[in-house]
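Below is one structure, written out as structure tokens; the observations come after it.
Read the figures in this text as sums done on the coordinates, not as results from a lab. These numbers come from a predicted model, not from an experiment. Every residue, glycine among them, receives a Cβ derived from its backbone with ideal geometry; neighbour counts consider all protein chains shown.
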There are 2 protein chains.
Amino acid sequence: MDVRTLCLGALMGGEATGYEIRKMFEDGTFSHFQIASLGSIYPALTKLTQDGLVTFVEHEQENRPDKKIYQLTSEGRRTFLRTLLQTRPAEDRYRSDILFMLTFAEEMPIELTEALIDEFAARHELMSQQIDPENTDKPAHQKSNARDENGELRPGCCFVAGLGQAMCNATLKFIRENKQGLLDELKARKANKS
Amino acid sequence: MDVRTLCLGALMGGEATGYEIRKMFEDGTFSHFQIASLGSIYPALTKLTQDGLVTFVEHEQENRPDKKIYQLTSEGRRTFLRTLLQTRPAEDRYRSDILFMLTFAEEMPIELTEALIDEFAARHELMSQQIDPENTDKPAHQKSNARDENGELRPGCCFVAGLGQAMCNATLKFIRENKQGLLDELKARKANKS
DNA sequence: CTATTATATATCAATTCGATATAGTCAAAT
DNA sequence: ATTTGACTATATCGAATTGATATATAATAG
């Protein structure tokens, strides 16, 4: 799925600026399973405008750069729905420098191994909070695609959020149960060698 | 982490061809948490050769294209270990078209929703098998970085593989427990609307 | 008998990332 | 008192990466 399609999907929940779309992928509804950078979102919105799939209204702001608030056209909405029906989803891909590095735990000082595991856990703890669509700690201004017009949580979003949280919890549980064992084994190996 | 570093890491487990390195990321040891395509691996190996971090021996083969078997130089080994100590790991990123699409479950036919969930489950089932470093179903020729010179499973790899499997299992469990509930709710909503 | 899969390298256009520029507000730490 | 860093907001661009394609052959499956 290219960034253009992702932008259309982001706008299915209502109007938004390019900056807000990025936030949906950075912190918001889509944060744990899709990514898109500003450097790809802005050109995508420009292209979509040219193709008539979105329109924007420029809002002048005092003492601030202008805001362009984008919105789907009916053509854009149709295109997105058609894409949903026709696209074969690409393979999932998970990319983690930390896990890659941990693979080489034997070659690093034990403190680094422990620090990497702790950071991995901390990131997942944070993610678990961000995922929760019912979490009210989040700043109120944040756009959420998780609710429909009536303010009800959309079932698809609920399911996906629940899945994300289950993955986070499994990760955290595994670390709680296996971190010390790994560190002990690494220590034993080091002692053996010398 | 750029592809050059990933290649150095892949070669820490011993010599390999570019094709074999890709397999480590596609099917093998690193498959569930890193990716690299051939289009990036070959140029990376060329660059690493120029920089003196790897060397290769060309093996002529009958009726087959020549093989270039790459190997770390001591300089390459040192560089990789230094990188391990110095690199701040980038944020993890998980990318899933299926989860993105499922977010819009309300907008699609229920059969598609179900098919997407089933495919998601099937992929994770497969992944779970691929991850297991003790799985002996795998073709014997496949390079595995998971074992050291003595044929013992390396603790870092074990930990990372276990974590991957825990994530897969959590995913599969969540689907078993929540798939029907989602489908039922979607059906109820559709009935309500019409 | 044909299609697909696997081994193996290589190239390249299109896409995407990541960093940077611009520009102003606001809060917090020095 | 002021500088540093974080947040809102758009835009651009070089560099990295993907994904597709080309080349060549063997083996396996349908």
Original post:
Once the Cα gyration tensor of chain A is diagonalised, what are the square roots of 5 times its eigenvalues, in whole Å and ordered largest first, as equivalent ellipsoid semi-axes?
Top reply: 41, 18, 17
**OP:** May I ask for the angle, rounded to the nearest 10°, between helix A:110-131 and the longest principal axis of chain A, with both axes built from Cα atoms and the value confined to 0 to 90°?
**Re:** 30 degrees
Original post:
How big is the Cα convex hull of region A:97-193 in projection, averaged over all directions, in nm²?
Top reply: 7.7 nm²
Original post:
So how strong a dipole does chain A carry about its Cα centre when Lys and Arg Cβ are +1 and Asp and Glu Cβ are -1, to the nearest 20 debye?
Top reply: 480 debye
**OP:** Work out the length of the dipole vector of the protein assembly as shown about its Cα centre, built from +1 on the beta-carbon of each Lys and Arg and -1 on the beta-carbon of each Asp and Glu, and round it to the nearest 20 debye.
**Re:** 260 debye
Original post:
So how tilted is helix B:74-86 from the main axis of chain B? Cα-based, degrees 0 to 90, rounded to 10.
Top reply: 40 degrees
Subject >> Of the GluC sites (Glu not before Pro) in region B:42-111, those whose Cβ has at most 14 other Cβ within 10 Å and which sit in DSSP loop >> reply: B:62, B:91
**OP:** Take the Cα pairs of the protein assembly as shown, get the Kirkwood Rh, then feed it into Stokes-Einstein at 20 °C and 1.002 mPa s and tell me D in µm²/s.
**Re:** 93 µm²/s
**OP:** Set Lys and Arg Cβ to +1 and Asp and Glu Cβ to -1, take the dipole of the protein assembly as shown about its Cα centre, and tell me which of A:8, A:52, B:144 lies farthest positive.
**Re:** A:52
Original post:
Can you work out D for region B:1-67 in µm² s⁻¹ from Stokes-Einstein, where Rh is the Kirkwood radius over C-alpha pairs, the temperature is 4 °C and the viscosity is 1.567 mPa s?
Top reply: 105 µm²/s
**OP:** Using +1 at the Cβ of each Lys and Arg and -1 at the Cβ of each Asp and Glu in chain B, identify which of B:166, B:85, B:113 lies farthest towards the dipole's positive end.
**Re:** B:85
Original post:
About its Cα centre, what dipole magnitude does region B:81-182 give when the only charges are +1 on Lys and Arg Cβ and -1 on Asp and Glu Cβ, stated in debye to the nearest 20?
Top reply: 540 debye
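For the pairs B:47/B:68; A:190/B:23; A:23/A:68; A:23/B:173; A:23/B:190; A:173/B:173, note any where the Cα-Cα span goes beyond 19 Å.
Among B:47/B:68; A:190/B:23; A:23/A:68; A:23/B:173; A:23/B:190; A:173/B:173, the Cα-Cα distance tops 19 Å for A:190/B:23; A:23/B:173; A:23/B:190.
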Subject >> Debye intensity ratio in log₁₀ form over the Cα atoms of region A:21-101, taken at each q of 0.12, 0.14, 0.18 Å⁻¹ >> reply: -0.51, -0.67, -1.00
Original post:
Summing -39500 (n - 2.57) over the DSSP H runs of n ≥ 4 in chain B and dividing by its residue number, what mean residue ellipticity at 222 nm do you reach, to the nearest 500 deg cm²/dmol?
Top reply: -19000 deg cm²/dmol
